[in-house]
1. With everything on Cα atoms, drop me the angle between helix 556-570 and the longest principal axis of the chain, reported from 0 to 90° to the nearest 10.
2. Order the peptides 362-372, 11-21 from the highest to the lowest mean number of other Cβ atoms within 10 Å of their residues.
3. Can you give the % of DSSP beta bridges in the chain that are antiparallel, to the nearest 5?
4. Using the Karplus curve 6.51 cos²θ - 1.76 cosθ + 1.60 with θ = phi - 60°, what ³J(HN,Hα) values do you get for each residue of segment 485-500, in whole Hz, with x for Gly and Pro?
5. Net charge within 12 Å of Ser212 by Cβ-Cβ distance, Lys/Arg positive one each and Asp/Glu negative one each, not counting Ser212 itself?
6. How far is helix 103-116 tilted, in degrees, relative to the longest principal axis of the Cα atoms in the chain, given as a value from 0 to 90 rounded to the nearest 10?
7. Treating the angle as unsigned and between 0 and 90°, give the value, to the nearest 10°, between the Cα long axis of helix 456-469 and the longest Cα principal axis of the chain.
8. Measuring from label point to label point, each 7 Å out along Cα→Cβ, what is the Gln14 to Phe166 span in nm?
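The values are calculated or read from the model by the stated rules, or taken from the named source; none is laboratory data. Note that the structure is a prediction, hence the values are computed from the model and not measured. Cβ sites come from the backbone with ideal geometry, for glycine too, and all protein chains shown count toward neighbours. These area figures cover heavy atoms from the full protein model, side chains too; ligands, DNA and RNA do not enter into them. Shrake-Rupley method; radii C 1.70, N 1.55, O 1.52, S 1.80 Å.
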Amino acid sequence: MLSELDATGIPASQGDFTRLVEEVLQEVFIPAGKFQRTGPTVVDLMAARGVPFKMVIIPGMAEKFFPPLIRQDAILLDHERKILNRFFGGKDTEPLPLKTEGRLEEERLLYRLAIGAAKEKLILSFPRIEIGTGKERLPSSFLLASVRALTGEGTDFQKLEKFPGFIRIALSDIAVRSPERALDEVEFDLSTGRQKLDQREAEALLYLLEVSPFFARGLLLESSRWGKKIFTGFEGVLSSKEALQILQERYSIFKKTVSPTRLEVYACCPYQYLVKVMMGIEALVEPEKQPTIHPLDKGTLVHSILWRFFTDLRRERGSSFHLETKDLERLFKIADKEFVEFEQRGVTGYPMLWEVEKRSILDHLVDFFNKELNETEFIPTYFEIRYGMKPLDFQESEISTEEPVSVTLGGKTIHLKGRIDRIDLTRDGKRARVRDYKTGEVSAKANDLQAGRTLQLPLYLYAARQLLGRLHKGIEIESAEYYFLKSGKPVPFSGSELQAKKATLQQILETIARCIEDGVFIAVPNDRCRYCELKTICGTWTETLFERKAKDPRVKGYLTILAGEAKESEE
Ligand code: SF4
């Protein structure tokens, strides 16, 4: 096969060579589940019972994998099955099988038969990490029991490595075994590196610091990350003079207009703020690969439906309009139109799932409509109110403005920008309520700043006061609330509570401002990590690292806010 490369008369590159070898290897396959006349047989333990082999290899001997985790049936437990069998199990009825009883014994018997089938050699193996998550895996109890039987000594995960027959095999070789066989400089360095490490002569690798900036930086990263008890630049604490100067000049929240949601991002996880807000890096969304509509698109869709619905009604019936039962029909029509628009954009995922999603959106809209129908106090008055930003290609409320909303707390002023979904006024125009629609799960608590993770509502109270103040002198902003459409639950932050929590709000904003200027952008594992687009970058070790370095005095201010949350929740 390789001679074919010679026949071309063109020297083959390493890439061509590797590709060819891979192709050849892929053509060789062993059918699973069939006994071979010659060569290896790949079968499950059940099929191999009682058949002797020269050599037996049992892979995957990891905990919970072999023997597998034996679970009860979640709906009908074993003891309930026994009761049913006692009553209904007759000669004509097969008894219900028990899900756990005897299963471990069965697995043990299969294992005994499999190892007994090896005439000359037995290889038992287990993966040390779980591919995909990087989590450590432990050897199975069967594997440990086998080693115990062979050595006559108790063993565990640590002692297993000392077993004379234990061999550790890397997932893939980083390079050829001998540097002389390296095809290029990189492979030579890698191969030399491994050889020297095997010979415990790590110092011989120091020449790499001179020749490879990548190696030098990698070494620095490893030693800083795992050797130091304080956060370094590699974990998001920037400390160089230049970096701090740039942060103070360009990123101070007192020197630019900021949106409450972005401040919430910082409060939740400073690293996320660095990557998404400051560096502007976003996950690549590939609509054609999305099985269902993306949560952000769903939010935009629902906002769009409700905005059209209310602005149409207001235009037709005037500012103090009443909702009527027949308006539900109008809501459906608008929703249908918007559904089609979103379908045409190609963001709605697989057709069948989209049908399910549409039905659920309509259900939530109906619940929402019925609640609005019973509303007697407030009238939806202003919709999509923009402030601190230039107009978009979108019909907005007449009170929208490019002027930012200024909030002065403790002598310092923050300039806010944003967009409010809706402001309702009472019939006498003396009180107002801010509403923000949410399509996700309930993630806020009433009158709770959640250590800065809910800043939108209290800051909306300030914004509404300034935006309405010009037209409605002396108006009272009663509350700002999230309306979670899925659960039909409003979560308010009341104006009176804002007075009580003003000092805490000030402390949170000041801390965020100071931490940004001081270069604190650490990754803080939290309950929202599983939805975070950066979780693959963060890796599985972020939590360990955070715990190791949490006593770093430079992050104390930030951690004090988090501690405040714990206290607030207890109260
Ligand atoms: S995964 Fe968690 S720790 Fe990492 S950036 Fe996202 S929120 Fe922060």
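1. With both axes taken from Cα atoms, the answer is about 80 degrees.
2. On the way: 362-372: 15.5, 11-21: 11.6.
Ranking the peptides 362-372, 11-21 by packing returns 362-372, 11-21.
3. Working: 28 of 45 bridges.
Antiparallel bridges: around 60 percent, rounded to the nearest 5.
4. Per residue, the Karplus-derived 3J(HN,Hα) values read 5, 5, 9, x, 10, x, 10, x, 10, 8, x, 5, 5, 4, 4, 5 Hz.
5. Details: positive: Arg217; negative: Glu185, Asp189, Glu210.
Net of charged neighbours comes to -2.
6. 40
7. The angle comes out near 20 degrees.
8. Distance between the two pseudo-spin positions: 3.3 nm.
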